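First comes the structure, then the notes that go with it.
The values are calculated or read from the model by the stated rules, or taken from the named source; none is laboratory data. Everything quoted here is computed from the prediction, not taken from an experiment. Cβ placement follows ideal geometry from the backbone for every residue including glycine, while neighbour counts extend to all protein chains displayed. Ligands, DNA and RNA are stripped out before the accessible areas are found, and what is left, the full protein with its side chains, is counted by its heavy atoms. Shrake-Rupley method; radii C 1.70, N 1.55, O 1.52, S 1.80 Å.
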Amino acid sequence: MPLHALDVEKVSYRAAGGPLLLDGVHLRAAPGETVGVVGPNGSGKTTLLRCVYGTLRPTGGRITLGGHDAAALSVKARARRVAAVPQEAGGGFGLTAGRIAAMGRSPHKRFWEGDTAADAARVAAALERTGAAALARRPFDELSGGERQRVLVARALVQEPELLVLDEPTNHLDVRYQWELLALVRDLPATGLLALHDLNLAAYFCDRLYVLEAGRVVADGTPEEVLTPGLLAEVYGVRAEVDVHPETGAPTVVYLPPREPRGLPHPREPRETQEPREPREPREGARG
């Protein structure tokens, strides 16, 4: 087994004629590890994940998947190693949710091969695990955002990848499904790479975190090492307290209101009471 399921070495990305979106990013994930990528909006999280699962080609650096140079892999070979759940689900082209999930078997088949009974069993099991079994016969385009997300995760499970990449997988999900989905990802044998906005979910479910700011890694380590009040102030521009939760044992971030400049009232303070106005005389002809 390779030492790293994923190795991102000094990866940069610049769109044609555009700004530098990634600048010498390094990231490693061991087999079976769940790694989170966090950072403010525009920090490069989605761009990094797209470079990993192949919809963007880095303009500098190197990505290896299980010791294999990702750039040298065919599209199909890469899809057998990496499954992705992007932020935007895209259209279902009139297909049912069950057919969308079954598409996860495509990298393992020749073009003319149909689905087998074993494939159908994999699809049914994946939909069940993601709480989407009842959606199998419904048109994908008619599902809510959260329902689509669960179907797409099921498709990724059907793909049976070595690396599962999820970009904001808890978007559109109720709290219950957020926890169930991330618990499922963490317990899979595959390595997980997740971009997350919710730092408390990241702290609980991820083994290690990488913090991006303006396309660069500014911190990496365990959640306990990374999520400090100082880093949150520097990277996110917020005041916060970080304590270890007595039940979960994970760091818990509590955000604090900004300190008010002198002379400005706190938004919750009542405004200065004004003198009551004299009631206006009713207009002529108005009803009493």
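Among (1) 26.0; (2) 22.9; (3) 18.8, only one was calculated for this model; which label is it, if the read-out is mean projected area of the Cα convex hull in nm²? For mean projected area of the Cα convex hull in nm², the calculated option is (1). Charge dipole of region 6-228 (Cα centre as origin; +1 on each Lys and Arg Cβ, -1 on each Asp and Glu Cβ, all else neutral): 780 debye, rounded to the nearest 20.
Annotation: amide H of Leu6 within the under-5 Å range of Ala29, Gly66, sequence separation 5 or more or interchain, hydrogens built in the peptide plane. Computed over protein heavy atoms with a 1.4 Å probe, the carbon and sulfur contribution to the accessible area of the chain reaches 51%.
Rounded to 0.05, the FRET efficiency of the Ala125 and Thr248 pair, given R0 = 25 Å and the Cβ-Cβ distance, is 0.30. Here the peptides 34-40, 13-19, 197-203 are ranked by packing, the mean other Cβ count within 10 Å, and the order with the highest first is 34-40, 197-203, 13-19. Think of a 1.4 Å ball rolled over the protein heavy atoms: region 6-228 then has 45 Å² of accessible area per residue.
Extension gain, Ala134 to Ala71: 0.36 nm times the residue separation minus the Cα-Cα distance gives 18.8 nm. For region 136-206, trypsin sites (Lys or Arg not before Pro) are listed when DSSP marks them as loop and at most 12 other Cβ atoms sit within 10 Å of their Cβ; the list is Arg137. For the chain, the relative contact order is 21 percent, taking Cα pairs closer than 8 Å that sit 6 or more residues apart in sequence and dividing their mean separation by the residue count.
Ellipticity at 222 nm from helices only: DSSP H runs of n ≥ 4 in the chain, each -39500 (n - 2.57), divided by the residue count, give -7000 deg cm²/dmol.
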